[in-house]
Amino acid sequence: MIKSRRYVLITSVVGLLAVVVLLFIFQRLAFQSLLDHETKSNITLTKVFSNTIWPKYSLFIQRTSQIPKADLPSHYIVKRLHEDVIKQMAGSSVLKVKIYDLNGLTVFSTDPKQIGEYKSENSGFLSAKNGVPASGISIRDRFDAFEGVIADRNLVSSYIPIRAREGAPVEAVFEVYSDVTDLAAKLERFQWEISGWVVGTLSLLYVILFVVVRRADITIQRQEKVRRANEAKIHYQAYYDSLTDLPNRVSFGERLGEAIKRAKRAERMLGVLYIDIDEFKLVNDSFGHATGDGVLRGVAQRLRSCIRETDMLFRTGGDEFTVIIEGLECVGSPGALATRIIDATTDPMLVNEHELIATVSIGIAVFPKDDVTVEKLVKDADTAMHRAKEVGRNQYQYYSPSMNDQASERLALEIGLKQALRNNEFLLYYQPRVAADSEDILAVEALLRWEHPQWGLVQPNAFIPLLERMGLINAVGKWVLRAACRQVKLWHETGFTGLRVSVNISPRQFRTGLLVDSVKDALSRSKLDPAYLELELTEGVFVDNIDDTATTMSELKALGVSISIDDFGTGYSSLKYLKLLPIDYLKIDRSFVSDLAENEKDAAIIKSIAALAHSLKIKLVAEGVEDIKQAEFLRSHDCHELQGFLFSTPVPPQDIPIVLSKQKIRRAV
Ligand code: C2E
Ligand code: MG
Ligand code: MG
C-alpha cells in the first residue's frame, strides 16, 4: 500500500474518533439540557407546593426534631401530608418526594421507610440549604415510588429550597424525584439515529474516498512504472548499443576516466585496445546492411569470448570496439589479448548464408606509459590501430610516439585529397606493354599520379588506399577512365592506331555498381572503340558474391571491353572463377617476376600459371620485367605481353608519342 492510501486510512480513523467524541459531547449536552428542563419543572412544582401545602405543615416540619424519629412515619400530620402530596403529584411525572429539615433529617418521604434518615452531608442537600437548587440524573434498577416498586428508570432528583415567600430564608429542603425514562429513551434513540447517520455517512464517504484514492494510487503506480521503464530505456539508449548490447562510446569515456583514476591511486598500469573491423564498408556495400549488422554482432560475440570478466568491452562506433584492461601485470598483456582476438576473428563466420571472414586491426595504448589523460590515451590507441591497418591489417600495433607523425601525415594527405580532383591535381602516366616476341607496343597501362603543389608527384600506393577509405575512389576512378579513353582516342587520331589502354579498377569501385555506367560514360564521351579499352581487376573482386561479380563482368564484356586480372597469384586462392568468368588476360604479379633468377619456386609458379592460362585460353601478361633474362624466361613460357622497366618506366602522356615514333622507326629499319 503506498502512502496516500495509508494517509486516507489514518485520517478516516481520526475523523471517526473525532465524530465519536463530538457525539459523546452532544450526549452530555443533551442530558444536561434534559436535567435543566426537569430541574425547572421541579422548581415550579416546589413553588406550587410551597404556596399550597407548605403553609399548613411549615410549623410542624420545623419542630419535628422534638418528636422521636421512630414515631414520625406514623405521625398523623405526616400521614396527612402524605395524602396531600400524593394528591398534588397525581398525574405528574414525579415518583417520589422527600422533605428535609435544615439539619438534613428526612422529616417526610413518600417512602415512609426513609423518614428519619440523615442527608446532612449530601452535596445536593447542602446546595439547596444554601438557597441554590441542585439536580442529578441517575438510572435505578429498582425504585420505591408512590405506586410501589418500579424498575429500570431514569430519574432526575432535584434538591430545592423551600421558602415561605420569594426572598424569605430557606425553611426546609424539598427533594423531588421525577421520571425522565421516556424522555431519556427518546433522547438516546435520537442520539443513536444521529450517530448512525453521521457514522454511516462518514463511513460511506471514507469508502468512496478510499476507492478514489486507491484508483488514483493504481494510476500513479502504473505511471510510475512506465516512467521507470522509460527512464531505463533512455539510460539504455544513452549508454548502450542496441545492436550488440554492449556499452557505447559514452560509457567508454566515463569508464575509462574512472579506470584511470583507480590506476593512478593504485599506481598500476591500464591498457586500451582500439579494435576496428577490416574493410567493413566493403561488407556493407556488397552484402547489405543486414549482413553488416550480423557481422558486427558476430565480432562482438567473439570479442566477448576473448576478454576476462574484469575487462570492459565497448562498441564505440560503426565498426569500432574498445577494451579497457585494468591492473596490467606487464605491458605485454594487451598484446596477448590482441593475439587471442585476432585468432578468434580469423575463423570464418556464417552470416545470412554468406561465409565471411571479418578480421580486425588493433591499436594498443598503455597508461601511464603512453599517456595519462583519457583523450590522449584514446587517440594513441586509435593512431596505433590505423598503423596496424596501414601495415597490412589483421594485426595489432602498440602505440609509439613516431606514429603521431605518420598520423598527421595521413591527415594532411586526406585534406589534400579532398580537393585534388577539384584542383585538377591528378594526372595519368602511361607504361607501355609490349608484345613478348616482337617487342612492339601493343598497349599502355594508365597509372594514376597526384601532382601535389608542395610535395610534388605522389605515387598511387601512398594515396589510393586513402581514396578507398574516404569513399572517393569512385569519383577519381571515373575521372581516370575518362582521361585514359580521351588520351588513347587522341593518339589514335594522331596516327598511332591500334593502341590499347588498360585502366586499373579498385575492388571497391567495382562493387559500387556504378562501374558499368562510368565505363559507358568514358567510351561515349571519347568515342573510343571499346575494343581498345581493357579493365584491370584484382582478385579482390572475387571475394564477393560470385553471381554479382559475374553479372557486372558480363555487362562490361557486353560493352565490348576486355578484362584482365592484375597482380595474379597474390590474392584470392580459388581458381574456380577463372572458368566461370569472362577473363581475357592474366597479369602475373611482379613479385614472381622479380625473384625469378634466384627463386626456383617463383619460376615454378610462373610455369604453372602459364600452363593454366594456356589451357583456359587466357592471354598472359607479365609485369615488372626488369632484365633480359626475365624477358627470355617469360617469352619461353608463352607469355604474350611484357611490361616493366626493361622496356619503359611509366611516363607522362607527352612522352608516349616519342616512344611510339621510335618504335615505328625501328620497325621501318
Ligand atoms: P599495378 O596495376 O600492378 O601497376 C604496376 C605498378 O608496377 C606501377 O606502379 C608501376 O610503376 C610498377 N612497375 C612497372 N614496371 C615495373 C618494374 O619493372 N619494376 C618495378 N619495381 N615496378 C614496376 P605504380 O604506378 O606506383 O602503381 C601502383 C599500383 O597503384 C598499381 O599497381 C595499381 O594497383 C594502383 N593504381 C595505379 N593507378 C591506378 C588507378 O588509376 N586506379 C586504381 N584503382 N589503382 C591504380
Ligand atoms: Mg595494373
Ligand atoms: Mg600489377
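Table for the structure above
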quantity	calculated
Count - residues of segment 357-378 that are surrounded by 19 or more Cβ atoms within 10 Å (Cβ to Cβ) and of a type outside the set (Ser, Thr, Tyr)	13
Those residues of segment 568-579 which are touching an Asp or Glu at 6+ places or on another chain (Cβ under 7 Å), over 25 Å from residue 646 (Cβ atoms) and open to solvent by less than 20 Å² (accessible area, probe 1.4 Å), in sequence order	none
Single residue of 310, 345, 316, 291 found to be open to solvent by 50 Å² or more (accessible area, probe 1.4 Å), β-branched (Val, Ile, Thr) and touching a strand residue (DSSP E or B) at 6+ places or on another chain (Cβ under 8 Å)	310
Complete set of residues in segment 502-522 that are away from ligand 3 (no atom under 16 Å from the Cβ), out of contact with any Cys (no Cβ under 6 Å at 6 or more places or on another chain) and part of a helix (DSSP H, G or I)	508, 511, 515, 516, 517, 518, 519, 520, 521
Members of segment 592-630 found to be within 16 Å of ligand 3 (Cβ to nearest atom) and either of a type in the set (Ser, Thr, Tyr) or not assigned by TED's automatic domain parsing to the domain that holds residue 443 (or both), listed by number	594
Single unsatisfied condition, residue 21 versus (1) part of a strand (DSSP E or B); (2) surrounded by fewer than 13 Cβ atoms within 10 Å (Cβ to Cβ)	(1)
Any hit, segment 425-444, residues being out of contact with any Gly (no Cβ under 6 Å at 6 or more places or on another chain), open to solvent by less than 50 Å² (accessible area, probe 1.4 Å), assigned by TED's automatic domain parsing to the domain that holds residue 535 and away from ligand 1 (no atom under 16 Å from the Cβ)	yes
Residues of segment 148-193 satisfying the condition of being under 30 Å from residue 25 (Cβ atoms) and assigned to a loop (DSSP other than H, G, I, E, B)	180
Condition met for residue 642 (within 14 Å of ligand 1 (Cβ to nearest atom), at pLDDT below 95, assigned by TED's automatic domain parsing to the domain that holds residue 501 and surrounded by 15 or more Cβ atoms within 10 Å (Cβ to Cβ))	no
Single match in 636, 591, 615, 608 (criterion: free of Cβ contacts under 8 Å to residues at least 24 places away in the same chain, within 15 Å of residue 569 (Cα to Cα) and polar (S, T, N, Q))	608
Flag for residue 472 being closer than 19 Å to residue 538 by Cα, within 16 Å of ligand 2 (Cβ to nearest atom) and among the aliphatic types (A, V, I, L, M)	no
Positions within segment 538-582 being of a type outside the set (Ser, Thr, Tyr) and in a strand (DSSP E or B), in sequence order	563, 565, 566, 567, 568
Criterion: closer than 16 Å to residue 297 by Cα and touching a residue at least 24 places away in the same chain (Cβ under 8 Å) - qualifying residue of 384, 358, 338, 365	358
Filter result for residue 272 (surrounded by 18 or more Cβ atoms within 10 Å (Cβ to Cβ), β-branched (Val, Ile, Thr) and closer than 21 Å to residue 347 by Cα)	no
Subset of segment 604-628 that is more than 14 Å from residue 587 (Cβ to Cβ) and not in a helix (DSSP H, G or I) - its residue that is nearest to ligand 1 (Cβ to nearest atom)	626
Any hit, segment 589-611, residues being in contact with a Gly (Cβ under 7 Å, 6 or more places away or on another chain) and farther than 25 Å from residue 430 by Cβ	yes
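Conditions tested, residue by residue: (1) surrounded by fewer than 15 Cβ atoms within 10 Å (Cβ to Cβ); (2) within 22 Å of residue 534 (Cα to Cα).
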| residue | (1), (2) |
| --- | --- |
| 547 | yes, yes |
| 551 | yes, yes |
| 556 | no, yes |
| 566 | no, yes |
| 581 | no, yes |
| 587 | no, yes |
| 597 | yes, no |
| 600 | yes, no |
| 609 | no, yes |
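The values are calculated or read from the model by the stated rules, or taken from the named source; none is laboratory data. This one's a predicted model, so the numbers in the text were calculated from it and none came from an experiment. So basically every Cβ, Gly included, is an ideal-geometry build from the backbone, and we count neighbours across all protein chains shown. Just so you know, the surface numbers come from the protein's heavy atoms only, side chains and all, with ligands and any DNA or RNA stripped out. Shrake-Rupley method; radii C 1.70, N 1.55, O 1.52, S 1.80 Å.
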